[in-house]
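The values are calculated or read from the model by the stated rules, or taken from the named source; none is laboratory data. None of these values were measured; they are calculated from a predicted model. Backbone-built Cβ (ideal geometry, glycine too); neighbour counts: all protein chains shown. For accessibility, only protein heavy atoms count, side chains too; no ligands or nucleic acids. Shrake-Rupley method; radii C 1.70, N 1.55, O 1.52, S 1.80 Å.
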Amino acid sequence: MIRVENLTKLFGTKRAVDGISFSVERGEVLGFLGPNGAGKSTTMRMITGFIPPTDGKVKVGGFDMVENPIPAKRLIGYLPENAPAYTDMTVSGFLGFAAEIRGLRGEAKKKAIHRAVEMCFLENVLHQSVETLSKGYRHRTCFAQSIIHDPDVLVLDEPTDGLDPNQKHEVRGLIKRMGEKKAIIFSTHILEEVDAACSRAIIIDRGKIVANGTPQELRKKSEWAGAVTLRVKGVAGAAVSSKLYQVPLVNRVTVVEEKDGRVTVSVFPKPSEAGANGEFARAVGEAAHGWHIEQLQIEEGRLDEVFRSITMPDTAQEVKK
Amino acid sequence: MSTTFGNIQAIAKRELTGFFASPVAYVFIVIFLLLCGAFTFLFGGFFERDQASLAAFFMWHPWFYLFLVPAVGMRLWSEERRQGTIELLLTMPITSSQAILGKFFASWAFLLLALALTFPVWITVNYLGSPDNGVIICTYLGSALMAGAYLSIACMTSAMTRNQVVAFIVSVVICLVLVLGGVPRVKEFFDAINLPWLGSLAAGMSVMTHFDAFQRGVIDFRDLVFFGSLIGLALFTTGVILRSHRTG
């Protein structure tokens, strides 16, 4: 549904987006991750046709966004960053306008508004002015606007920004449900959301794609993938760590905590062995034979750590030294 | 074609709803009507003229519009940019010309409503005497076109900045230049410094000169073309400015 080829945007001499290519099909929810200023919003603005690309192509449903914008835009629902809405209108007036501009009139318009209001829980504020709404309601009003015409493609720029935890949970659920039938791109810097809602994630940094895969695949890039954390009673921290360093394939052992005669350590496998974590965990278990183990846990890998190590390569190297 | 019309209509409707939701619309109408009444009867010498005409009423319009029309037009685009709603508007399946026209027609319709509400003056003059109603209708038409011309300029300056005050001031200045070109003093000045052609150029470009023709009861094709092309040019420039912002 969405095909982005070699997309580039220059602001002056600064390359905000630098040769990005990817595609999103129906039934996919693509999480768009990256630090602030990485080019997420600029990319989304080019996909939705708000700003023209300096170079490269955006195709939505087969229509080129630059050459044939109107049919392409018809397929898209867009929630811009900060969820703008006309403050001088009521919620129902605003949604009515969104429906009309999407060509819905009469009964179809009423139905569309009703559906969007129900999905976004806006019944209580329907006749209230947008200006007087709380941030969460305003956000959902703009979200309702983006789904009013039941679009095939949804582009959501930080859809959960400014929502309380319950609302965040609702919106993630909504995205996941809608993702079964639509092609969705959403940006976020909350990594749990990637697990909660995405079928695939792209990490961009300084305008370039630095990682692209399912949340599981990304997690495997983590140093934590396959690592083993164990809590042992009655052995000194130094003894535990020197014993564990003898485990084959071990990369590093960290003492997390040592108190009340208990030691908690994390054992990391060499990066290339991360996939064979069962074997590594067994080896750690054998080394720990004879100790009083209170807890043993195999880590799955941490997205936040992958995110940090990919988007801040300089700092990550310093940590390794 | 029908979707084009539908889109323009949807934009215009939104603009008008937004307009009447705030007190701006009512304040504008009241101030406009008060000014018209006061200036016509107190300073325009409506009674002293002892003529059954609305000259004392219409002569002030270029000056009222100078401040009032930019006040209506200043928010058209600057507010969209400030609130970020422009990102919604321009990612909807409409062309930017449809958005520009929708906004322009909505504000123009509002100005025409304000103008139409001056009808008691017309009733008064008909009650007191028997004026040439052809001339009055003609002048109303001229006034409407002049309001549209000012509005298109306000629309253009509004697209330049996200600050309404800046948009207002710039458009007042541009409109002032367009008014002053037709003031006799300016012509005298250019004659005095031996550049009479510059004087006639300024007069030819002035809304005053073209509005005068309507006040005499003449609908000249050239005056229609003048106002039409002024509006067209300003709205076209609005489109260019909006595009340049997006290109970055």
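Brief remarks on what is shown
- Amide H contacts under 5 Å for A:Leu154: A:Gly77, A:Ala183, A:Ile184, A:Ile185, restricted to partners 5 or more places along the chain or on a different chain, H placed in the peptide plane at 1.01 Å from N.
- Interface residues, region B:1-47 - accessible area loss of 30 Å² or more versus chain alone, probe 1.4 Å: B:Ala10, B:Lys13, B:Arg14
- Distance from region A:29-84 to region B:56-97 (C-alpha centre basis), Å: 28
- Carbon + sulfur, % of accessible area of chain A - ligands and nucleic acids excluded, 1.4 Å: 49
- For region B:74-88, residues shielded by at least 50 square angstrom of accessible area compared with the chain on its own, probe 1.4 Å: B:Gln83, B:Thr85, B:Glu87, B:Leu88
- Computed on region A:165-321, with alpha-carbon pairs under 8 angstrom and 6+ residues apart, the relative contact order is 26 percent.
- Of all accessible heavy-atom area on chain B, the percent that carbon and sulfur account for (1.4 Å): 73
- P(r) weight above 38 Å for the protein assembly as shown, C-alpha pairs, percent: 48
- Extension gain (nm, one decimal) between B:Arg246 and B:Val183, 0.36 nm per residue minus Cα-Cα: 18.7 nm
- Low-density loop cleavage sites - GluC sites (Glu not before Pro) in region B:7-92, where at most 12 other Cβ are within 10 Å (DSSP): B:Glu48
- If R0 is taken as 25 Å, the Cβ-Cβ distance between A:Ser134 and B:Gln9 corresponds to a FRET efficiency of 0.20.
- For chain A, the relative contact order comes to 19 percent (Cα pairs under 8 Å, sequence separation of at least 6).
- Heavy-atom accessible area per residue - region A:2-220, 1.4 Å, Å²: 40
- Mean accessible surface per residue for region A:228-301, computed with a 1.4 Å probe while every protein chain stays in place, in Å²: 56
- Gain in span if fully extended, B:Ser130 to B:Ser229, counting 0.36 nm per residue against the direct Cα distance: 32.1 nm
- Residue-averaged beta-carbon neighbours from other chains (10 angstrom radius) around A:221-232: 0
- Dipole axis of the protein assembly as shown (+1 Lys, Arg; -1 Asp, Glu on Cβ), positive-most option in B:Leu178, A:Ile2, B:Met156: A:Ile2
- Assuming charge only on the beta carbon of Lys and Arg (+1) and of Asp and Glu (-1), the dipole of chain A about its Cα centre is about 420 debye to the nearest 20.
- Label-to-label distance, nm, for residues given as B:Asp220 and A:Asn124 (7 Å Cα→Cβ offset): 6.5
- Solvent-accessible area lost on pairing A with B (1.4 Å probe, both sides summed) amounts to about 2600 Å².
- Computed magnitude of the charge dipole of the protein assembly as shown (debye, nearest 20; Cβ of K, R +1, Cβ of D, E -1): 740
- Estimated FRET transfer efficiency when R0 is 22 angstrom, pair A:Glu279-A:Val256 (beta carbons, to 0.05): 0.45
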